[in-house]
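The values are calculated or read from the model by the stated rules, or taken from the named source; none is laboratory data. Note that the structure is predicted; figures quoted are calculated from it, not measured. A quick note on method: Cβ atoms are made from the backbone with ideal geometry, for glycine too, and the neighbour counts reach across all protein chains shown.
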Amino acid sequence: MGISFQNVDFSYYGYSKRKKYPNILKDICVNISGQSEFVAIVGHTGSGKTTFTQLCNGLNLPTSGVVSVMDLKLTHKFDGALKPIRKKVGLVFQFPEYQLFEETVLKDVAFGPSNFGYTKEESIKLAKKYLGLVGLSEDLFERTPFTLSGGQMRKVAIAGILACEPDVLIFDEPTVGLDGKSKKELMNLLKVMNEEYHKTIIIVTHNMDVVAEFTKRVLVFNEGSIVCDKTPVELFNDSKTLAKYSLDLPEVSRLAVMMKEQGLIDFDQVPFTTLSLAKLLGGKYE
Amino acid sequence: MNKVTFGSYYHSNSIIHKLDPRIKIISIILLMVGIFLIPIEAIYMFFILLGLLLIFIILSKVPFGKFLKSIKQITFLLLFSFIFQIVFNRTGTVVATYSINISIGTIATGVLVYTIYAFIKKFVKFKMTLFFMMFILEIIIFKYALIDQSFFNYSLNIYSNGLHTGFYILIRVLLLVVMSSLLTLTTKPTDMNVALEYLLSPLELLKIKTSIFAMMMSISLRFIPTLFLETEKILKAQASRGVDFKESKLGDKIKQIVSLLVPMFVVSFRRAEDLSNAMEVRGYIPGAKRTKLNELKIKLRDILSLVVVVLLFGLCITSLILVKVGVL
Ligand SMILES: Nc1ncnc2c1ncn2[C@@H]1O[C@H](COP(=O)(O)OP(=O)(O)O)[C@@H](O)[C@H]1O
Ligand SMILES: [Mg+2]
C-alpha cells in the first residue's frame, strides 16, 4: 500500500461543473510504494511539484481522478477524516517559520505526535529521539525555536514531522539555503530513514548530484505533467530528455566529461556520482 | 481562500471608472447627506435619485448582479425594519387586515413547509429566493389554510403610515447601499486611498501627518492578499502535523489555534521588518515631502458630474425647506 494517482487533474480553484479552470496538474498517473522507495521530483519552478506533494497527503484534493493513499481514496468529493492520511504521509515544508510556535524546541517537536494520539510522555520521548537523529545538540532542546539559526530551525521542523513516524516522508526542496555540511547531514539522515527504517522518501530538488547519489527513481515534472519516470542512471543517459526539459547533468558528470575532452581520463559510461568518478580516477575505492 | 480579492472593485473602462476618485468620494458624501435631508413628505425625491443612480449604474458597465449581491447582504435588515414598521406603527388609516389563525392544523402545515425548505436549502443555489417563497407560503397558510378548529385568532391591521414609513426607510437604506457599492465597485482601493490622502490633506495644517496614514493604508491593502497566502501555507504546514479543527476536543483546539497565530505573527513581523528596511534603503522618510507617480487631474467630466451632484443636493435641500415652510 502506498500512494497511487489515477488520472489526477488539479486546479486551485476547485471543482466546478460550469466553469473550466486551467489545471495546474494534468492527468497524473503514478504509483509510489509505501516502503523503501527513494524518489526525486525535478522540474522547473511552477511546474507543479509543490502542488503534487500536497496532493499526496490530502492538503489538496484532486479536481478529477483519484488519489489513493494507503487505503483511502481521495476524490474531489472526499469529506472524511484526513488525519489518518497525514499520519501516514508526512510533508516537510520548505520554510520552518511556517510551523514553529511552541515555547521550547522539545515541545514544538512533540506537538505533532500528541495531535496524532500519542500520550504526552510518548510524544516527548519521540521528540527526543528524532531531535537526536537530525543532529540537534541536546542543550538546544529547551531553547525557544525562534532564537535558533535558520539551519537549526529547519532541523527542528524536520524532526517535528519525523516524530509523527509516518511511512512516507515528503520533503519540498529541503536543501535550499543550507550550508554544505548541513546539506550533507540532511541527505545522510534521509538515507538512514530510507535504508534502516524502510521509509519511502520523496524529495523535491533541483540538485542533480543529490538525485544521482541518493535517489532510486526520478519523476520529471513539466507544465503540470509527469513527462519522465525513470531511474537516475536511465535519465542521465537519456540526453534527449535532458535537453528537452533543460535538465542538467550532475556537476561530477560535467567535470568528468570535461576531463575526457581534455584527454585526462577515458570512460565508456559517464560517472554520475562522486564515488564512481573517484573509482575511475584512482580505482582504489571499495 | 484561493480566490483572494480584496474589496469589490470590478474592472471596466467606463466613464464612471475614469472619474477622479476625489470627485467620486465628494459626490457620494453629498448624495448621502442629501438622502438624509429628504423628508418623508417628499418621498418622490427618492425616485429621482433612484432614476439617476440607475443611469450611473448603466454608465458604469458593472453587471447588475454585483449590486444585487450587496443588497442581498442586508436583506434581513431591510425586511426586519419594514416588518417592524408595519406591525408597530399604528397611525393613519387602516389599509388592510391580515388575520392569523393558529390551530394544530396550521402549525403542523407551517412546520412541514419549514422542514421541506430546510431540506431543499442544501441542494439549491438560489437560497434567498427560496426563503422568500417559504415566507410567503407560510403567510398564506396561516391566513387561509384553516381546516380544523382555530384556538387563537389574531388580526393584524396594516396602517397607511406604517406602510409609508416602512417604505421610506427601505428605499433610504437601499439607496445608501447601492450608492456606496457604486463607489467601491468602480474605484480601486489604491485610488480611493490616494483620494482620501488628498481630501484629508487640510489636516496637515493641524500637524496631523495624513501622508503617513495614507502610506499605512496602501501598505495594508497591498499585503492583505499576501497575508492570506501565508496563512494558507501555515494552515497546510500545521495540518501536516495533525492539526484538524473538525475533529478535535476543545482543549486541543485552543492549542491548535495558537499554532496558527504564532507563526502568523512571526511571518508578518518578519515581512514588516524586511519591508521597512527596503523602504528606508530607497529613501523613504516618514512624513517627508514626496512627489506622486500618478497626479490626479480634474477634467471637464469631473466638473460636469460634480455640478450635477451639487444640483441634486440643492434639490434635496429645497424639498426639505419647502416641506418645513409648508408649501408641500
Ligand atoms: N495557492 C495557490 N493558488 C493559486 N495558484 C497557485 C497556488 N500555489 C501555486 N499556484 C500555481 O500553481 C503552479 C504550480 O506551482 P507549484 O506547485 O508551487 O510549482 P513548483 O513547486 O514546481 O515550483 C504555479 O503556476 C503557481 O502559480
Ligand atoms: Mg515549489
Practice problem: Mind listing whichever residues of the range B:199-222 are of a type in the set (Val, Ile, Thr) and either at pLDDT below 85 or touching a strand residue (DSSP E or B) at 6+ places or on another chain (Cβ under 7 Å) (or both)? | Solution: B:Ile208, B:Thr210
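Every residue, every condition in (1) touching a helix residue (DSSP H, G or I) at 6+ places or on another chain (Cβ under 9 Å); (2) more than 16 Å from ligand 2 (Cβ to nearest atom); (3) not aliphatic (A, V, I, L, M), yes or no:
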position	(1), (2), (3)
A:Ser182	yes, yes, yes
A:Glu185	yes, yes, yes
A:Ile203	yes, no, no
A:Asp209	yes, yes, yes
A:Val227	yes, yes, no
A:Lys230	yes, yes, yes
A:Leu242	yes, yes, no
A:Pro250	yes, yes, yes
Self-check item: Selection from the range A:32-73 of residues that are touching a helix residue (DSSP H, G or I) at 6+ places or on another chain (Cβ under 6 Å) and within 14 Å of chain B (Cβ to nearest Cβ)
Solution: A:Asn57, A:Gly58, A:Leu59, A:Asn60, A:Val69
Quiz item: How many of the residues in the range B:230-251 are within 10 Å of chain A (Cβ to nearest Cβ) and not in a helix (DSSP H, G or I)?
Solution: 8
Practice problem: May I ask you to say which residue of A:Asp9, A:Asp79 is within 16 Å of ligand 1 (Cβ to nearest atom), outside any helix (DSSP H, G or I), over 16 Å from the mean Cα position of the chain (by Cα) and at pLDDT below 95? | Solution: A:Asp9
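Residue-by-condition table, conditions (1) within 16 Å of ligand 1 (Cβ to nearest atom); (2) part of a helix (DSSP H, G or I):
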position	(1), (2)
A:Lys184	no, yes
A:Val192	no, yes
A:Ile201	no, no
A:Phe221	yes, no
A:Cys228	yes, no
A:Leu255	no, yes
Exercise. With the condition kept exactly as written, say whether any residue in the range B:274-288 is more than 27 Å from A:Gly112 (Cα to Cα), loosely packed, with under 13 Cβ neighbours inside 10 Å and within 14 Å of chain A (Cβ to nearest Cβ).
Key: yes
Quiz item: Does A:Gln35 satisfy being in contact (Cβ under 8 Å) with a residue 60 or more places away in the chain, within 30 Å of A:Glu213 (Cβ to Cβ) and surrounded by fewer than 22 Cβ atoms within 10 Å (Cβ to Cβ)?
Solution: yes
Quiz item: Would you pick out the residues in the range B:26-69 that are touching a Phe, Trp or Tyr at 6+ places or on another chain (Cβ under 9 Å), within 14 Å of B:Ile169 (Cα to Cα) and surrounded by 15 or more Cβ atoms within 10 Å (Cβ to Cβ)?
Solution: B:Ile35, B:Leu37, B:Ile38, B:Ile43, B:Phe46
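A quick yes/no check of all residues on (1) within 16 Å of ligand 2 (Cβ to nearest atom); (2) within 13 Å of another protein chain (Cβ to nearest Cβ); (3) surrounded by fewer than 22 Cβ atoms within 10 Å (Cβ to Cβ); (4) closer than 30 Å to A:Val42 by Cβ:
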site	(1), (2), (3), (4)
A:Pro113	no, yes, no, no
A:Phe116	no, yes, yes, no
A:Val156	no, yes, no, yes
A:Cys164	no, yes, no, yes
A:Asp172	yes, yes, yes, yes
Quiz prompt | In the range B:99-130, the residues that are touching a residue at least 40 places away in the same chain (Cβ under 8 Å) and aliphatic (A, V, I, L, M) | solution = B:Ile100, B:Ile102, B:Ile104, B:Met128
Quiz item: Does the range A:86-106 include one or more residues that are of a type in the set (S, T, N, Q), part of a loop (DSSP other than H, G, I, E, B) and within 16 Å of ligand 2 (Cβ to nearest atom)?
Solution: yes
Exercise. Check B:Lys249, B:Lys236, B:Lys324, B:Lys299 and return the single one that is among the basic types (Lys, Arg) and modelled with pLDDT of 90 or more.
Key: B:Lys236
Quiz prompt | Where A:Ser68 falls short, out of the listed (1) surrounded by fewer than 20 Cβ atoms within 10 Å (Cβ to Cβ); (2) within 20 Å of the chain's Cα centre (by Cα); (3) assigned to a loop (DSSP other than H, G, I, E, B); (4) away from ligand 2 (no atom under 16 Å from the Cβ) | solution = (3)
